[in-house]
Amino acid sequence: MKAKVNELVRNSEKIVKGELGNPDLWWHQKPHLHDSIDQYKQIADKYPEILDRAVRHVLGHLGIILEEFKFHVAASNTGAFREFWFERSVDSGQTIPYFPHLLEWTEEMQGTIREYNDQFTEAITLYNEIQRLKEEKKRQKALKRWDSA
């Protein structure tokens, strides 16, 4: 078991990058006009769901090892009733490791997401204003064409 945990530690950077490197998690990589302004906001000990889920997927890899060594943990779809350390992907139905317990992010993680939320809030406001101005410009252009016809 120790060897498996050490291997997990060695692969942790790859696992974290694989999960948190997903552009769908980060607004600046895939901006959308009508995204919720609160999607990255931490309220008390409730972390932003989109990122909390990704962190839990990373931590869920430990469940695979615990299951392998018969710790009454089910990190896959098999076995009798156990503590469930997985969730099913909505899109594919695939089983994904998932940490199911209370989780407290480090101060550094919380500070980073607060900073990201501040920048996101500012950016989405500007993005929406830019989109509004583009639409207004198109409208004015269409009116000028109409008037000149």
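The values are calculated or read from the model by the stated rules, or taken from the named source; none is laboratory data. This is a predicted model, so every value here is computed, not measured. Every residue, glycine among them, receives a Cβ derived from its backbone with ideal geometry; neighbour counts consider all protein chains shown.
Quick notes on this one:
- A single entry from Asp52, Asp118 fulfils the requirement of being in contact (Cβ under 8 Å) with a residue 40 or more places away in the chain and either in a loop (DSSP other than H, G, I, E, B) or of a type outside the set (A, V, I, L, M) (or both): Asp52.
- Test: residue in the range 51-66 that is on the phi < 0 side of the Ramachandran plot, at pLDDT below 95, loosely packed, with under 13 Cβ neighbours inside 10 Å and not charged (D, E, K, R): no
- Among the candidates Phe71, Phe120, Phe86, residue that is over 26 Å from Pro48 (Cβ atoms) and of a type in the set (Phe, Trp, Tyr): Phe71
- Matching option when the condition is farther than 30 Å from Gln131 by Cβ, hydroxyl-bearing (Ser, Thr, Tyr) and either touching a His at 6+ places or on another chain (Cβ under 8 Å) or at pLDDT 90 or above (or both), among Ser92, Ser76, Ser12: Ser12
- Verdict on Glu19 being over 22 Å from Tyr127 (Cβ atoms), part of a loop (DSSP other than H, G, I, E, B) and under 17 Å from the mean Cα position of the chain (by Cα): no
- The residue that is farthest from Glu122 (Cα to Cα), among those in the range 22-50 that are surrounded by fewer than 16 Cβ atoms within 10 Å (Cβ to Cβ) and among the aliphatic types (A, V, I, L, M), is Ala44.
- Ile113 being at pLDDT below 90 and either of a type in the set (D, E, K, R) or surrounded by 10 or more Cβ atoms within 10 Å (Cβ to Cβ) (or both): no
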